[in-house]
Amino acid sequence: MKKKHTLFVCRFLLTMMVSVIMMPAVAQGDIVQQADGYEWPQQEDVRAKLRQWQDLKFGVLLHWGIYAVPGIVESWSICDENWIRRDTTMSYQQYMDWYFSLADKFCPRDFDARQWARVCREAGMKYMIFTTKHHDGFCMWDSRETDFTIARHAFRDDPRKDVLRHVFDAFRQQQLMIGAYFSKPDWHSQFYWWDVFAKKGRNVNYPVEQFPWRWKQFKQYTHRQIHEIMANYGPVDILWLDGGWVYPENRGQDIDMPGLAAMARELQPGLLIVDRTIRGPYENYQTPEQSIPKAQILHPWESCISLSDDWGYVRKPRWKSARKIVNTLAEIVAKGGNLVLGVGPTPEGLIEPEAVSRLRDIGRWLSVNGRAIYATVTTPYDHEGNLWFTQSKDGRSIFVICCVGDGETVPSKVSWHHHLPAKGQQIRLLATGKRLRHTMVGDSVEVPIPPSVSETFVMEIR
């Protein structure tokens, strides 16, 4: 993943301009409209899985690979784009050689997928996405298509060397929906970055129209790798394809998505496919990165946002607070989306204590306020100020989430003028069930907040 993807940003801003701000209060899974190129999947089993996924609201995106060894940005340092910064004492080829040699140092002896899964379950996460292969081409499973895998290098003698199997099994045991991140570009493959030509930018570095036989090899290589994952690692719910610049209109980079999707879904019926930033039938939900849409969106979407400033492990991370993530989740859900939170395990194979403590605090909040998040739907008005609104699918409960930011204190009273309680309805503090007194002041309702409340809180109107 890249922090600034110009093409995606332009398309996403267009999404924001055309999205409808006020939506009817109906279950998101029942909306079959098309907007901004979004196409609802035609297969009923895929649509059923998509509705199930929309109810989950909160997941984890695990970036882990050889880039964890030095604690640097994932893959991107071997790309020559002008936003990249790297060691200037090395030539580009020396840097490439150094980077790829990290495979011989990546030996995560403390690797414990059960710890990951347990921590994520305690955080209230309901689905996971794991990086099977990032842009650098390093495979986190025992691929037969390349030697550039964790199972063939420093970790090869460890019984856990087929990492993907242990990760998927651990998260299934914790009952999370399973997703496989897979990078369409592969900067280690000679079928994509061919040493006959200089490397320039992120794209294929040879003219595909002059060497169609070589591109065919890359396409077959990609299909065979995805077949390995879909056929050999148990039930998979999501195939999350990154590298949106690999598509037919860009230098003829056609990897035959119809054939790939048909193959994957034959092996994994109902599989959700997320061909990121490529509008059409193979982007079952859209994925704004490190951002939140400005308004509600009708079609399925997911903000992918990291817990620190980085997707993978770095040595001196700047962490977001648990409160910041809770507030982010509330806003996203009120706008109709899901949040997948980026977490990068250490090179030793564990989730860091600082991340664990934040995830547990998020889980503690969700354990008492989760009814306002999970399996909810949007309301016609998503927010007023720092109040965010969701509702139960049956429409009997409106949830008012009052977001309290870092360093802020809980207000002594709150008021709003949309989603007013009807005659006979009560307002209760969701975490405790305590009834809150409310009065009508003009066209608004006013609610005093008990002094015992010390963080973001939820009120239920029912």
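The values are calculated or read from the model by the stated rules, or taken from the named source; none is laboratory data. This structure is a prediction, so every number in the text was calculated from the model and none was measured. Cβ: placed from backbone, ideal geometry, glycine included. Neighbour counts: every protein chain shown. Ligands, DNA and RNA are excluded from the accessible area calculation, which covers all protein heavy atoms including side chains. Shrake-Rupley method; radii C 1.70, N 1.55, O 1.52, S 1.80 Å.
Things worth noting here:
- Residue-by-residue Karplus 3J(HN,Hα) for region 54-59, coefficients 6.51, -1.76, 1.60, Hz, glycine and proline x: 4, 6, 6, 6, 9, x
- Solvent-accessible area per residue for region 92-160 (1.4 angstrom probe, square angstrom): 39 Å²
- For region 303-462, the solvent-accessible area with a 1.4 angstrom probe is 42 square angstrom per residue.
- Relative to one another, the C-alpha centroids of region 214-269 and region 298-317 are positioned 24 Å apart.
- Residues whose amide H falls under 5 Å from that of Leu61, counting only those 5 or more places apart or on a different chain, are Ile129, Leu341, Gly342, Val343, with hydrogens built in the peptide plane.
- For region 387-392, 3J(HN,Hα) per residue [Karplus equation, 6.51 cos²θ - 1.76 cosθ + 1.60, θ = phi - 60°, Hz, x = Gly/Pro]: 9, 10, 10, 10, 8, 5
- Taking the Cα centre of region 129-264 as reference, the dipole from Cβ charges on Lys and Arg (+1) and Asp and Glu (-1) amounts to some 160 debye.
- Heavy-atom surface of region 207-299, accessible at 1.4 Å and reported per residue (Å²): 35 Å²
- Per-peptide average of other Cβ atoms within 10 Å, ordering 275-283, 312-320, 380-388 highest first: 275-283, 380-388, 312-320
- Rounded to the nearest 5, the antiparallel percentage of DSSP beta bridges internal to the chain is 45%.
- 5 angstrom amide H check on Glu302, placed H, neighbours 5+ away: Gln286, Thr287, Asn338
- Basic side chains Lys and Arg get +1 at the Cβ, acidic Asp and Glu get -1 at the Cβ, and with that the dipole of the chain about its Cα centre reaches some 960 debye.
- Modelled spin-label separation between Gln173 and Ala48, with each label point placed 7 Å from Cα along the Cα-to-Cβ direction: 2.9 nm.
- Rolling a 1.4 angstrom probe over region 61-161 with all protein chains present gives an accessible area of which 44% lies on carbon and sulfur atoms.
- Rolling a 1.4 Å probe over the protein heavy atoms of region 316-462, with every protein chain left in place, gives an accessible area that is 50 percent carbon and sulfur.
- Where only C-alpha atoms are counted, convex hull volume of region 388-462 per residue in Å³: 95 Å³
- Each residue of region 399-408 was assigned a 3J(HN,Hα) from its phi angle through the Karplus expression (A = 6.51, B = -1.76, C = 1.60, θ = phi - 60°), giving 10, 10, 9, 9, 7, 10, x, 4, x, 8 Hz with x at Gly and Pro.
- Fraction of accessible area attributable to carbon and sulfur, region 174-257 (%, probe 1.4 Å): 50 percent
- Within straight-line reach of Lys413, meaning a Cα separation under 13 Å, sit the following aspartates and glutamates at least 8 residues removed in sequence or on another chain: Glu446.
- When you restrict to C-alpha pairs under 8 Å that are six or more residues apart and normalise by the size of the chain, the relative contact order lands at 19 percent.
- Candidate aspartates and glutamates for bridging to Lys126, where Cα separation is under 17 Å - those fewer than 8 sequence places away on the same chain excluded: Asp55, Asp169, Asp237, Glu302, Asp361
- Assigned charges on the beta-carbon of Lys, Arg, Asp, Glu; region 264-365 dipole about Cα centre (debye): 400 debye
- Extension reserve of the Asp110-Arg144 stretch, reckoned as 0.36 nm per residue once the Cα distance is removed: 9.7 nm
- Cβ-derived FRET efficiency at R0 30 Å, Trp194 paired with Lys316, nearest 0.05: 0.20
- Extending 7 Å from the Cα toward the beta-carbon at both Asp309 and Glu354 defines two label points whose distance is 1.1 nm.
- Furthest towards positive pole of dipole, His153, Leu164, Trp194, structure part region 105-195, Cβ charges: Leu164
- Distance in nm between pseudo-label sites at Leu420 and Thr439 (7 Å out along the Cβ direction from Cα): 1.6 nm
- Annotation: amide H-H contacts under 5 Å for Asp256 (H modelled 1.01 Å from N, sequence separation of 5 or more, or interchain): none.
- Protection-proxy order for peptides 242-248, 120-126, 46-52, each taking the mean of Cβ atoms within 10 Å per residue, highest first: 120-126, 242-248, 46-52
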